Amino acid sequence: MELDQTPSLEVSRALEAVLLVADQPVEPGLLAQVLDIETREVDELCASLAARCEEEKRGFVLVKVAGGYRFQSASDLSGYVERFVLEGQSSRLSAAALETLAIVAYKQPISRAQAAAIRGVNVDGVMRTLQQRGYITEVGRDSGPGQALLFGTSTTFLEWLGLNSLADLPPLAEFVPGPEVVEALEVGLRWDDADLANDAEQGLGVDDDEGFQSLTL
Amino acid sequence: MELDQTPSLEVSRALEAVLLVADQPVEPGLLAQVLDIETREVDELCASLAARCEEEKRGFVLVKVAGGYRFQSASDLSGYVERFVLEGQSSRLSAAALETLAIVAYKQPISRAQAAAIRGVNVDGVMRTLQQRGYITEVGRDSGPGQALLFGTSTTFLEWLGLNSLADLPPLAEFVPGPEVVEALEVGLRWDDADLANDAEQGLGVDDDEGFQSLTL
Amino acid sequence: MPYAVTTTVFEGPFDLLLHLIMKEQVDLYEVSLSTIVDAYLCELERMTTASETLDLEVATEFLLIAATLVELKTRRLLPGRDDVDLDDELALWEERDVLLARLLECKTFKDAASVLGALATTAGRSHPRTAGVDERFINLVPDLPTGVTPMQLRTAFLRAATPKPVPRVDLAHMTMIRATVADAVAELIDELPRVGRISFKRLTGELVERLEVIVRFLAILELFKQGLIDLEQAITFGDIEVVWQNRTVDLTDGLNDGTVDLTGVDLTDYALAGIDTYEG
């Protein structure tokens, strides 16, 4: 009888996989649905997975927060995580955050992918931070394929900017320079061959961010 | 001697913790900095962590993609994960887009016109789609007249393919058609005596008619 | 000639020609040029009649190849091939070889594409972790600056929505360059009201360093965003006319607004952010 109830290796692996890709705590009910098992079994499975992480002294733990399960870094390692956040992440955020927030403000409701297309770079991390800070919030789902989450600005955002309502946002200029204008301007930059060959070689590796930040140095 | 080089349990746990909180592949250099070890050690540590995940049949794997390390779900569990993740399942690329992408990948840096010449059709629309998806990006300008924009593939492209670097693309030589295909094409376009003799047997008259009818097109 | 009409959509002439030749090879092994040419023309006719809206550009591409094919075929049908001009003959050979080479190249990338597609499908079965740091660490991530004005938010949007210039700056040059965008903005604000209208070429004509040109270009974009100048372009790829908007601008206002920092010394965080946004 016990044997029947023991979830298969596959289900416990699937639990790990789902928890790994989740970006917020997952409710037991949803896990049960995805794994096609009982909610009770989900709780048992999670308990044993949590125990296993502990036993094996992994760098992460499985916890239940806000009514859902999630992996998070082990608390005794927070020093490393902090260093990672400070050294690796923070620098890219501030300028990017303002632009991303501006895009959400003017183009809401908007999905992460749409915002990324406008900025030309991935904005997932920035959007998450803006959401965690309360500036933006989920407002629905796209009806198209993929049903992407749509985001909009919050009242925190309005307070931060000192506005009463979104209607008070300054209107955008009727004319944003189109690609042709920028392209034509660029033609005026008169590349010489040596520079171009140089560029082409570096092509992929070079990080744009650095290049243009350095202009101000 | 070996003992000295074995990273401590804490460092390998810290590696797990940092990779867990990362939202994109983490470069070995940054990991080395955060963990205060050599980059070489990072690579060793990651290799052994990856092997451990595999051995233990975890639901997740550690891979090196687009120049960095990241955790991702085990591919055999995609059924479960996709039931959970609604978003991010980008729709498939059309055959035209895929072919154009292959051309850019292998011929970068390349202009739209050069890609169009290879495909024999205009590729502007397809290139725009690829750019919107973030798979290709502008990397410079041709030095020739017109200073055409040159395109290359992005890190998103590498992530999409699950490759660590462009060097991991299957060599183009593998795809150069074999002798049978070359012969078939060659014969298909031949008008030498052998072909003529062959045709003569089948009766030239018929051919004649059709040939000239076709000319009126 | 009986030719089964396919429902396949052919992306281009090479696509079609490859399909026909490879198909014939499977069917007959011994392929004849006539068969190929006729099938090609049949298909072309089908395409033209099937949609009245056949893109002229697409049609042209198909017809170009058709012309080559037909020429190859007629060459063979012409009697007395001995008196054919040798130059013509060679030219035709060359044309055929070029066509053959292009077909091979096309086929190479077609096969490469299907392998890349398979790689992507495999990679797509594995989903990355993107959760990022949890709320315990959120305070380490810098918050947005306070005191941002609605106008600055609007500027940030325009910056983000403006297509990024392609130039990549060689970092090796950096140490030698003193020009900043703020300096360039100041120069332009000084110069433009006097000339009123000037072409971008002339405006950058005396600059030697490419970086200086880029800096000036960024400054122009900056001024344009703020409505201080207008940009006109008669034809695509033509020179750009920079036109000073003849309005009284209180420069101190600009400073208070935080949109332009003309001192170039005391750059506010915002101005720094403004300049670094010409990133990719």
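A few comments on the model shown:
- Close contacts from the stretch B:140-153, counting a first residue that is buried (at least 17 other Cβ atoms within 10 Å of the Cβ) and a second that is among the polar types (S, T, N, Q) and assigned to a loop (DSSP other than H, G, I, E, B), with Cβ to Cβ under 9 Å and a gap of 6+ residues or different chains, come to B:ARG141/B:GLN147; B:LEU150/B:GLN108; B:PHE151/B:GLN108; B:GLY152/B:GLN108; B:THR153/B:GLN108.
- When B:TRP191 is tested against the conditions (1) at pLDDT 50 or above; (2) surrounded by fewer than 20 Cβ atoms within 10 Å (Cβ to Cβ), the lone failure is (2).
- Consider the stretch B:154-172 and keep the residues that are at the interface with chain C (Cβ under 9 Å from one of its Cβ atoms) and in a helix (DSSP H, G or I). The one that is nearest to the chain's Cα centre (by Cα) is B:LEU161.
- Considering residues of the stretch A:31-41 that are over 18 Å from A:ALA51 (Cα atoms), touching a residue at least 12 places away in the same chain (Cβ under 8 Å) and part of a helix (DSSP H, G or I) only, the residue farthest from the other protein chains (Cβ to nearest Cβ): A:LEU31
Conditions (1) more than 7 Å from every other protein chain (Cβ to nearest Cβ); (2) part of a helix (DSSP H, G or I); (3) at pLDDT below 80, marked per residue:
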{"position": "C:LEU92", "(1), (2), (3)": "yes, yes, yes"}
{"position": "C:ASP97", "(1), (2), (3)": "yes, yes, yes"}
{"position": "C:LEU103", "(1), (2), (3)": "no, yes, no"}
{"position": "C:GLY132", "(1), (2), (3)": "no, no, no"}
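- Hits in the stretch A:114-129 (condition: closer than 15 Å to B:THR156 by Cβ, at the interface with chain B (Cβ under 8 Å from one of its Cβ atoms) and not in a loop (DSSP other than H, G, I, E, B)): A:ALA116, A:ALA117, A:ASP124, A:GLY125
- C:PHE200 meets each of the listed conditions (1) within 7 Å of chain A (Cβ to nearest Cβ); (2) crowded, with 17+ Cβ neighbours inside 10 Å; (3) modelled with pLDDT of 80 or more apart from (3).
- Among (1) crowded, with 18+ Cβ neighbours inside 10 Å; (2) touching a Phe, Trp or Tyr at 6+ places or on another chain (Cβ under 8 Å) - the single one C:ASP134 does not satisfy: (2)
- Test: residue in the stretch B:2-16 that is surrounded by 15 or more Cβ atoms within 10 Å (Cβ to Cβ), modelled with pLDDT of 90 or more, under 27 Å from A:VAL18 (Cβ atoms) and within 26 Å of the chain's Cα centre (by Cα): no
- Scanning the stretch B:6-30 for residues that are facing chain A (nearest Cβ under 7 Å) and more than 23 Å from A:THR129 (Cβ to Cβ) yields B:LEU9, B:ARG13, B:LEU15.
- Taken together, the residues in the stretch B:104-113 that are assigned to a helix (DSSP H, G or I), without any contact (Cβ under 8 Å) to a residue 60 or more places away in the chain and under 12 Å from C:PHE109 (Cβ atoms) amount to 2.
- Which listed residue, of B:GLY134, B:GLY140, is among the small types (Gly, Ala, Ser), within 18 Å of the chain's Cα centre (by Cα) and on the phi > 0 side of the Ramachandran plot: B:GLY134
- Subset of the stretch B:37-74 that is crowded, with 17+ Cβ neighbours inside 10 Å and β-branched (Val, Ile, Thr) - its residue that is farthest from A:LEU20 (Cα to Cα): B:ILE37
- Some residue of the stretch B:75-96 being among the hydrophobic types (A, V, I, L, M, F, W, C), in contact with an Asp or Glu (Cβ under 9 Å, 6 or more places away or on another chain) and surrounded by fewer than 17 Cβ atoms within 10 Å (Cβ to Cβ): yes
The values are calculated or read from the model by the stated rules, or taken from the named source; none is laboratory data. Just so it is clear, the model here is predicted, and its values are computed rather than measured. Glycine gets a Cβ as well: all are built from the backbone with ideal geometry, and neighbour counts include every protein chain shown.
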